[in-house]
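Data first, discussion second: the structure below is written as structure tokens.
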Amino acid sequence: MNKQPEVTAQTKQNLVDAFWSLYCEKRIEKITVKEIAQRAGYNRGTFYEYFTDVYDVLNQIEQSLMPSLDELPPTTKPDHTTDMPFDIFLKLYEQNGNYYSVLLGDHGDPAFASKIKNSIKPLLIQAISGKVDRNDIELDFILEYILSAMIGMVSYWFKMNKVLPPEDLIALMYHLMDNEVMNKLTQQK
């Protein structure tokens with residue numbers, strides 16, 4: 001007997017929600033399949049129809065949060081030139097803030113920041129393509145710096161309950177990057 005797709009999707013979402021509520025309370029190493037299933041109102045067998053283990057649930061959540069290049073609109077700087085995607089990253093973070101703030105927080109998944117960086121790095125390369133005179137190794141380090149700064153500042157902004165208006169945060173990031181990185185990025189060797 002085949003299950004209805006909407007019932008299957010709802011069951012999976014209930015398990016994800018149960019996992020997430022536990023993940024917000026404690027580290028993943030302390031979460032058991034039994035706890036997830038009980039919290040969702042199912043048995044362990046139902047859990048294993050959708051996931052292999054608790055890490056699989058986390059991985060599937062993280063994968064659903066990764067932007068793809070075709071989902072991201074062009075980036076614009078306050079002066080309307082194409083540049084670093086601070087505004088795009090902030091919008092992504094706000095759309096998924098409940099997840100991002102936990103995953104990038106003190107008790108989140110350390111690998112998640114790397115996954116975000118790897119999904120956004122092609123966009124940065126596209127944004128600065130033809131504007132820089134750097135070898136690939138130097139460019140990779142510069143992009144790592146930019147992405148770490150973006151993720152760090154936006155995570156801190158959420159942690160501080162969005163104390164700055166979003167447009168002020170974006171302007172601050174552009175100002176810092178213009179002064180710190182962009183000048184070095186475009187300097188001749």
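For the stretch 150-168, the count of residues that are modelled with pLDDT of 85 or more, among the acidic types (Asp, Glu) and surrounded by 12 or more Cβ atoms within 10 Å (Cβ to Cβ) is zero.
Of all residues in the stretch 11-21, those that are among the hydroxyl-bearing types (Ser, Thr, Tyr) and either buried (at least 16 other Cβ atoms within 10 Å of the Cβ) or in contact with a Pro (Cβ under 8 Å, 6 or more places away or on another chain) (or both) total 1. Residues that are surrounded by fewer than 16 Cβ atoms within 10 Å (Cβ to Cβ) and among the small types (Gly, Ala, Ser) were ranked within the stretch 22-74; the one that is modelled with the lowest pLDDT is Ser68.
Regarding Asp109, is this residue at pLDDT 90 or above, under 26 Å from Gln10 (Cβ atoms) and not polar (S, T, N, Q)? Criteria not met by Asp109.
For the stretch 24-56, give me each residue that is part of a helix (DSSP H, G or I), more than 14 Å from Asp109 (Cα to Cα) and of a type outside the set (Lys, Arg).
So the first thing to find is which residues in the stretch 24-56 are part of a helix (DSSP H, G or I), and the list is 24-25, 28-30, 33-40, 44-50, 54-56.
Checking which are more than 14 Å from Asp109 (Cα to Cα) leaves us with 33-40, 44-50.
Correct list: Val33, Glu35, Ile36, Ala37, Gln38, Ala40, Gly45, Thr46, Phe47, Tyr48, Glu49, Tyr50.
The values are calculated or read from the model by the stated rules, or taken from the named source; none is laboratory data. Values in this document were obtained by computation on a predicted structure and should not be read as measured data. Using ideal geometry, Cβ is built from the backbone for each residue, glycine included, and neighbour counts are taken over all protein chains shown.
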